[in-house]
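Enquirer: One structure follows; several queries about it will come next.
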Amino acid sequence: MSSAAIATPSLASARLYVCTDGRRERGDFAGFVDAAYAGGVDIIQLRDKNIEAAEELDLLAALREAAQRHGKLWAVNDRADIASISGAPVLHVGQKDLPLPAARSLMGDDAVLGLSTHSPVQVDDALAAAARAETDYFCVGPLWATPTKPGRAGVGLELVSHAARTQTTVPWFAIGGIDHGNVAQVVEAGARRVVVVRAVTEAQDPADAAQRLLAALPEL
């Protein structure tokens, strides 16, 4: 069975999504993603603007192996060419990246496509795109300013509340500066799924950090 074949049912139950860079300074990428998956992370996305394509493909091979071993999803950021070559089950794009119809054309109907949204209008547009089968999930944020998105101001929790009020069945994730100290506020605003970066990537024990975040999230 291909990874794409299991992507959609896995997405429906996904609650915790982690984005990580290539961890070149630590040199522990394979060990990190294995620990994060073991702690309950459902999706790991490699997001690193400072690596060449060949290195990204090598890291994605390690990510794919860990994901398949744990029965989880893995994702590529922005680049449909890299996603297609690596066989990624998930591609995530931003508002200014490859348009969704083009990404769907390149990735095929079985791939999971995600979209970043930063305003109520963009959330509503993402829902319309999902109705056209152009996207499968979306993220709302960044809720708080974060060094992973320099220069982008936080949009605040109201965008989470707006997404929650749509009562959509399309999976969506809150993102941006979420950690163990504020995840309860995000849940209270209406989120049931979150994307985190530093809360897991900078943890001494990624598996434990993931488990504690999952414990703070409601069941789906």
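The values are calculated or read from the model by the stated rules, or taken from the named source; none is laboratory data. Computed from a predicted structure; not experimentally measured. Because the Cβ atoms are built from the backbone with ideal geometry, glycine has one as well, and the counts that use them run over all protein chains shown.
Enquirer: So VAL194 fits all but one of (1) closer than 26 Å to GLY27 by Cβ; (2) touching a residue at least 40 places away in the same chain (Cβ under 8 Å); (3) within 18 Å of the chain's Cα centre (by Cα); what number is the exception?
Expert: Every listed condition holds for VAL194 apart from (1).
Enquirer: Residues in segment 74-111 that are over 15 Å from the mean Cα position of the chain (by Cα), among the β-branched types (Val, Ile, Thr) and buried (at least 17 other Cβ atoms within 10 Å of the Cβ): how many?
Expert: Residues that pass the stated criteria total 1.
Enquirer: Quick one: which residue in LEU57, LEU106, LEU63 is over 29 Å from ARG165 (Cα atoms), out of contact with any strand residue (DSSP E or B) (no Cβ under 9 Å at 6 or more places or on another chain) and among the aliphatic types (A, V, I, L, M)?
Expert: LEU57 is the lone residue from the list that is over 29 Å from ARG165 (Cα atoms), out of contact with any strand residue (DSSP E or B) (no Cβ under 9 Å at 6 or more places or on another chain) and among the aliphatic types (A, V, I, L, M).
Enquirer: Residues being touching a residue at least 24 places away in the same chain (Cβ under 8 Å), surrounded by fewer than 17 Cβ atoms within 10 Å (Cβ to Cβ) and within 24 Å of GLU202 (Cβ to Cβ): count how many of those fall in segment 49-60.
Expert: Of the residues in segment 49-60, 3 are touching a residue at least 24 places away in the same chain (Cβ under 8 Å), surrounded by fewer than 17 Cβ atoms within 10 Å (Cβ to Cβ) and within 24 Å of GLU202 (Cβ to Cβ).
Enquirer: Hey, another quick one. What's the number of the only condition in (1) in contact with a Cys (Cβ under 9 Å, 6 or more places away or on another chain); (2) among the small types (Gly, Ala, Ser); (3) surrounded by fewer than 24 Cβ atoms within 10 Å (Cβ to Cβ) that ALA174 fails to meet?
Expert: (3) is the only condition that ALA174 fails.
Enquirer: Taking the conditions exactly as written (more than 14 Å from the chain's Cα centre (by Cα), closer than 23 Å to ALA67 by Cα and among the small types (Gly, Ala, Ser)), does GLY114 satisfy them or not?
Expert: Judged against the criteria, GLY114 is not a match.
Enquirer: Then there's this: Tell me, please, whether a residue that is free of Cβ contacts under 8 Å to residues at least 40 places away in the same chain, within 18 Å of THR201 (Cα to Cα) and in contact with a Ser or Thr (Cβ under 9 Å, 6 or more places away or on another chain) can be found in segment 87-104.
Expert: No, every residue in segment 87-104 fails to be free of Cβ contacts under 8 Å to residues at least 40 places away in the same chain, within 18 Å of THR201 (Cα to Cα) and in contact with a Ser or Thr (Cβ under 9 Å, 6 or more places away or on another chain).
Enquirer: Give the residue, chosen from GLY156, GLY141, that is under 16 Å from the mean Cα position of the chain (by Cα) and not polar (S, T, N, Q).
Expert: Testing whether each residue is under 16 Å from the mean Cα position of the chain (by Cα) and not polar (S, T, N, Q) leaves just GLY141.
Enquirer: If SER3 satisfies all but one of (1) closer than 17 Å to LEU73 by Cβ; (2) at pLDDT 95 or above; (3) not aromatic (Phe, Trp, Tyr), what's the number of the condition it fails?
Expert: (2)
Enquirer: Of all the residues that make up segment 142-159, how many are in contact (Cβ under 8 Å) with a residue 24 or more places away in the chain and touching a Leu at 6+ places or on another chain (Cβ under 7 Å)?
Expert: Residues flagged as in contact (Cβ under 8 Å) with a residue 24 or more places away in the chain and touching a Leu at 6+ places or on another chain (Cβ under 7 Å) within segment 142-159 amount to 3.
Enquirer: Please find, among GLN204, GLN167, GLN211, GLN185, the residue that is surrounded by fewer than 17 Cβ atoms within 10 Å (Cβ to Cβ), out of contact with any Ser or Thr (no Cβ under 8 Å at 6 or more places or on another chain), touching a residue at least 60 places away in the same chain (Cβ under 8 Å) and not β-branched (Val, Ile, Thr).
Expert: Going through GLN204, GLN167, GLN211, GLN185 in turn, just one is surrounded by fewer than 17 Cβ atoms within 10 Å (Cβ to Cβ), out of contact with any Ser or Thr (no Cβ under 8 Å at 6 or more places or on another chain), touching a residue at least 60 places away in the same chain (Cβ under 8 Å) and not β-branched (Val, Ile, Thr): GLN211.
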